[in-house]
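Structure first, commentary second.
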Amino acid sequence: ADPINPSASAITSSSQGFDCKDVQQKVIERLKALIDLEEELRFTSSNCYVFSPPGLDLLPAPKELYEVYSPNVDIPEYDPHASKAQKKAAALEKKKLVKRAKEKEKSKSKMLKAKKKHEELLYTRALGALRPLDPQVCCAIGFDGLSVVQDSAEGSQCLSQVQVTECGGPVITLLLNLLDKSLSDILSEKKSCAFNAGNEEKSDDNPYQDVSRSTKTNAASAVFISSEDSSKKCFVLLQSYLNSGVFASLHEHLAIVAELRCGHNSSNNDEEKEKRLVATARCLFSCTRTLFESEILTRSASGKFFLGLILKQLGKGDRNSFHDSVRRHSSVQINYLLGHVADNVSEIITGAYTGDLEFAMDGVLTMQSIYECSKRISDDSSDAKDATMDFGKRLSGVSDKLLKEHWPEETKMNKSNVGKLLTLFLEHSPDRMSSLTRLVDDVLLELPHTEKCKGPVTNYPTCSSSSFGSYYTGRSPK
């Protein structure tokens, strides 16, 4: 071989001094720099009204921003020695000044709202003009530099012994949002048209020829080819995420968030830490729901095979054993792994008090997606059916517990949260009649005995005059 121009097979990572961890660290540093640049662009674009991204027209400012406001209105006091006519004139003048001051304050508030909305539009347009990150960037979630545990700690059994005080951050939030979008794009099924109107093939000799059958056949073939090609791309991307340990990192983050919120390392008085954990948990919930709501992973043999590999990482934190997997997991094994994910989600939202009902509902919807996924993959065996029923009972119990929580007064309770919790509580209750009887006797009949019949009811603080409609509708038969 030519020593000056060696063959491609002779060039290896070790011969070129390639260090994987060094490259990973450089990627993380680039991501941090990208976040800083986005923040600078967000600030600059929101304060520069004459800036427009390339290819876009200048965004005109609302007319409220150009109005000139008079200085503060001074309301004079009455002259005690003035005559009756002068006092009457002064009263009329004071009334005009008060009215003008109220109008000025109202217009100022209107201007501030218009300014805030305009600035949001400015930086949204600027950030939207940036080139989106490639889905492969999500592989960085599995890098050692972004791991919440040490290299030696792997799997659920080791996580309980790891001392971690921080979780989340700007970089991991950016990557989790990108992962959620990437998973949504590859796992969502887009409906195709049955035919193309106006493009049917017709014979010039016979204008009355029936073309519906050939058109539907061609359309069905096109949909099948498109679906098959999309599935291949989907599984290729999922394989790259598995190789990088992305889903194992999600497992570690779920377990650490549960530990920091509900375990011995929790700090109830640190509001900033709680906000950061809640933000990270909501991103994790969204990614998890996207996976379990996809029918691509539960419909075909290939999809179920990848679902099993994903759950070995997401449920147990196993980064390596998927290389040796050659057989599809049974429904019992998948339900077992789903149980580990459900444990972490349930612990995060119910293991410690949270005043954020939206965050709790994110967790409930995630548990519902786990139940639906188990329902789709379970076969006719008794073990699989029992596992699915167990997920339903767990979902009912979590909903019941959240209905008994004392939420902040400013929390809006409606059918999207309280109504949803009631539906899940009753639908999956092991003894629905007993649950209905308890809701009627201990909740609905107690509301009239509260102060001014406004509630809340002692046993179920979510039941009040404002949420009574959700409770009454929830206990009605479907």
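Things worth noting here:
- Whole-Hz couplings from phi, Karplus 6.51/-1.76/1.60, listed for the range 109-121; x for Gly and Pro: 4, 5, 5, 5, 5, 5, 5, 5, 5, 5, 5, 5, 5
- Each listed q (0.18 Å⁻¹) maps to a log10 I(q)/I(0) for the range 298-432 from the Debye sum over equal C-alpha point scatterers, namely -0.98.
- Share of Cα-Cα pairs in the range 288-358 lying beyond 21 Å, as whole percent: 32
- Karplus 3J(HN,Hα) series, Hz, for the range 435-442 with 6.51 cos²θ - 1.76 cosθ + 1.60 (x for Gly, Pro): 5, 5, 4, 5, 5, 6, 6, 9
- Accessible area expressed per residue, the range 345-447, with surrounding protein chains retained (probe 1.4 Å, Å²): 47
- Probe 1.4 Å - accessible area at residue 278, Å² to nearest ten: 20
- Within the accessible surface of the range 301-393, defined with a 1.4 Å probe on protein heavy atoms only, the carbon and sulfur portion equals 46 percent.
The values are calculated or read from the model by the stated rules, or taken from the named source; none is laboratory data. Just so you know, these numbers come straight off a predicted model, no measurement behind them. Heavy atoms of the whole protein, side chains included, go into the accessibility calculation; ligands, DNA and RNA do not. Shrake-Rupley method; radii C 1.70, N 1.55, O 1.52, S 1.80 Å.
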